[in-house]
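Reviewing the structure listed below.
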Amino acid sequence: MSTTVERPAPSGSSLVPSKPRVGDRVFKGLSTGAGVLIFVILGAVATFLLAMAFPALVATPAELEERGFGEFWSWVIPLAFGTVWSSFWALVFAVPVAIGIALFISHYAPRRLAATLGYVIDLLAAVPSVVYGLWGGIALAGALQPLHAWLTTYLGWIPIFAGPASGTGRTLLTTSLVLAVMILPIITSLCREVFLQTPELHEEAALALGATRWEMVRMAVFPFARAGIVSAIMLGLGRALGETMAVAMVLSGANVIKLEMLTQQNPISIAARIALDFPESSGIAVNQLIAAGLVLFVITLAVNMVARWIVARRAAFSGAN
């Protein structure tokens, strides 16, 4: 026969909520203020661009032909194409290498070597754009010129490799390679951190079932890090879209829409065109350049919104969240 002992409830007991600490209130206020400040800055930038670009957006084609760079949309669309086209090829060159380096550092390299490679990759992100521009225009362009000639000779039937090849090597292909080197440390660093956050139990379970190292990476690491990889790629794309000095120093571009990447005449990006033309512009031409900056702002904002949408779809499985 079992007996139960009933414990009387304490009389007069009540839950008294603890008072919030001063440090918590200060931290909450600072965090909220920082978040609001981001929106204020973004709104201020958008307002400035709209206000300064408005005269060029409402001007007649005759006014722009006389005092600007020509009719706005026919002038800015080739620049937008050059921006997206060069950034796309920069991603094509950089993403496989960045993911491979990040995977080697996180899962294959010995600890000391991984730490050293991590420092080197982070150091690449600190190199100024001007240095990349000098390297690309002086060293890389000349070194790639024979490759350009070979590509036009043997692969010229592919539209992007159609000739004649540029004699200086300052082509869209060279520019894309420079941009790829510039965005490589961003994508690599983020992918490395995401790969390292993969649950060890997932990796050990795959290995225990007889999977090889590569099968474990393919079945456990990549599915977990997919959203984080997309975030890293989109951040690298944002850097490539807005790059100015490196493109301006390497590429002698024009307002054209061309798929060819090895010819003397190449499309140039919006940021590079603004940097090259702004010092000598005045009047409506300045407004037209700022309107081009507004177009670049919209493109970059759209890229980041798409990236956040993709990441949000797999937020529960993302190592970046």
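The residues packed around residue 90, meaning those with a beta-carbon under 11 Å from its beta-carbon, carry a net charge of 0 if Lys and Arg are +1 and Asp and Glu are -1. Once backbone amide H atoms are built at 1.01 Å from N, residue 254 has 266, 268 as its partners under 5 Å, excluding neighbours fewer than 5 places away on the same chain. Positive contributions from Lys and Arg (+1) and negative ones from Asp and Glu (-1), summed over other residues with Cβ under 15 Å from the Cβ of residue 245, come out at +1. Each 10 Å bin, from zero up to the one with the longest distance, holds this percent of the alpha carbon pairs of the range 171-321: 11, 28, 27, 18, 11, 4, 1, 0. Residue 185 sits among other residues whose Cβ lies under 11 Å from its own Cβ, and their net charge, with Lys and Arg +1 and Asp and Glu -1, is +1.
Pairs of C-alpha atoms in the range 73-317 farther apart than 24 Å represent 53 percent of all such pairs. For the chain, the membrane-span-like helices by this rule, meaning whole DSSP H stretches whose C-alpha atoms cover at least 27 Å of axis and whose Kyte-Doolittle mean is 0.0 or above, are 22-58, 72-103, 172-196, 222-242, 284-313; this says nothing about an actual membrane. Secondary-structure-derived ellipticity at 222 nm for the chain, considering helices only, amounts to -22000 deg cm²/dmol, per-run term -39500 (n - 2.57) for DSSP H runs with n ≥ 4.
Every number here is computed from the coordinates shown, using simple stated rules; none is lab data. Note that the structure is a prediction, hence the values are computed from the model and not measured. Cβ atoms come from the backbone with ideal geometry, glycine included; neighbour counts cover every protein chain shown.
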